[in-house]
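The next block holds one structure in the form of structure tokens; read it before the comments.
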Amino acid sequence: MKNIYSNIFSFNKQILKKTEKSLIQGEIAVLPTETVYGLAGNAYSRKAINKIFKLKKRPKKNPLIVHYYNFDDARKDIILNNYFIRLYKKYCPGPLTFILKKNKISKIDSQVTAGMKTIAIRFPKNKIIRSLLKSLNFPLAMPSANISSGLSPVTAFDVFDEFKKRINIIINGGRTKIGIESTVIDLTSKPKILRPGIIDKNEIKEFLKINLSKRRTKFKSPGMFKKHYSPGIPVILGKKPNNTNQAYIVFGKNYKNKTNYFNLSKNGNLKEAAANLYKIMRKIKNKGYKKIFVSKIPNSGPGIAINDRLKRAGN
Ligand code: TXA
Ligand code: MG
């Protein structure tokens, strides 16, 4: 029987070499991270960057995050900042993306940053992507591996669901641990969270011992576009479904096991709920439900990021 998933590879030395070669040639590849799967390309190569935008159908004005192995690798592309150094030491590698001023000497392709003077950088934790970043002599521009405005993938098969055979290499690193995208923090002026994530604003606030900015940014991080993270069917928050043909996303122990009920975490654990969010939304969509209702989810810690994604999914 023909293997329909012939572009999904398990991780070993050979596939690592093959992926390296292909990235050096300006091709793109899908790699796992600790948050979601990413569509990776050489951040110096216009050819690779164009491919990423085209495949994702991403608007050219929405910049990409540049991924590095460590601080030394990122150093030449950024203007250093004290908050960045402190947060780097505490959380990196890990699910935190920094918006910093871009260094004029940086060789990052201008399309990566959508022509702006700022740059988004991240140090992912997953061992597969780290071994690639370590051996390559360029950083990787890498958005989530989904068609623009859809659900981010948390398994190699979710990526296949999005792109089928249009990508040659998808490295299977199993299901991602965190399950939602990194927290994005803007450090170009008073620190401000642009995209909530597992590392939440209170944690950062306490660690830096400062108040975070609540200002509205002139340039809205396009991850803050109203419609985003969408399963492609209506999502209605805070209401119960009227019939069993509608899916109901719930949270906590007070819900029965029904075929149209999908529990993000029976134990009421918000971290677990975040890890299950996209997985469950994709499952609901693929089962053919036409509408999703969502019960109330506590708006604290990872709950802030969950509610943010759900709100956008519903727009
Ligand atoms: O967890 C993650 O961050 C994943 C994995 C693959 O690393 N990546 C990810 O990338 O979520 P993407 O492209 O789906 O989201 C990047 C977000 C977008 O909202 C983008 O607008 C914002 O970061 N961004 C990138 N550069 C920026 C900049 N210079 N200023 C403001 N926002 C920026
Ligand atoms: Mg994305």
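The values are calculated or read from the model by the stated rules, or taken from the named source; none is laboratory data. Source: prediction; values computed, not measured. All Cβ positions, even for glycine, are placed from backbone atoms using ideal geometry, and neighbour counts span all protein chains on display. Protein only, heavy atoms only, side chains kept; ligands, DNA and RNA dropped before computing areas. Shrake-Rupley method; radii C 1.70, N 1.55, O 1.52, S 1.80 Å.
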Regarding Phe53, is this residue under 21 Å from the mean Cα position of the chain (by Cα) and farther than 15 Å from Leu187 by Cα?
yes
Name the helices (runs of 4 or more DSSP H) wholly inside the stretch 62-172 in which the number of residues that are near ligand 1 (Cβ under 10 Å from one of its atoms) and in contact (Cβ under 8 Å) with a residue 60 or more places away in the chain is 1 or more.
127-135
Only one of (1) in contact with a Lys or Arg (Cβ under 9 Å, 6 or more places away or on another chain); (2) among the hydrophobic types (A, V, I, L, M, F, W, C); (3) over 21 Å from Ser152 (Cα atoms) fails for Ile24. Which number is that?
(1)
Does the stretch 34-48 contain any residue that is open to solvent by less than 10 Å² (accessible area, probe 1.4 Å), of a type in the set (A, V, I, L, M, F, W, C) and part of a helix (DSSP H, G or I)?
yes
Filtering the stretch 173-201 down to residues that are farther than 30 Å from Phe160 by Cβ, open to solvent by 30 Å² or more (accessible area, probe 1.4 Å) and either of a type in the set (Asp, Glu) or touching a residue at least 24 places away in the same chain (Cβ under 8 Å) (or both) yields Thr188, Ser189, Lys190, Lys201
Could you pull out the residue among Pro124, Pro139 that is surrounded by 21 or more Cβ atoms within 10 Å (Cβ to Cβ) and within 20 Å of Leu187 (Cα to Cα)?
Pro124
Conditions (1) farther than 30 Å from Phe9 by Cβ; (2) surrounded by fewer than 22 Cβ atoms within 10 Å (Cβ to Cβ) -> Arg58 fails only (1)
Of the residues in the stretch 8-33, how many are in a loop (DSSP other than H, G, I, E, B) and closer than 18 Å to Ile52 by Cβ?
6
Does the stretch 71-91 contain any residue that is under 16 Å from the mean Cα position of the chain (by Cα), of a type outside the set (S, T, N, Q), at pLDDT 95 or above and open to solvent by 10 Å² or more (accessible area, probe 1.4 Å)?
no
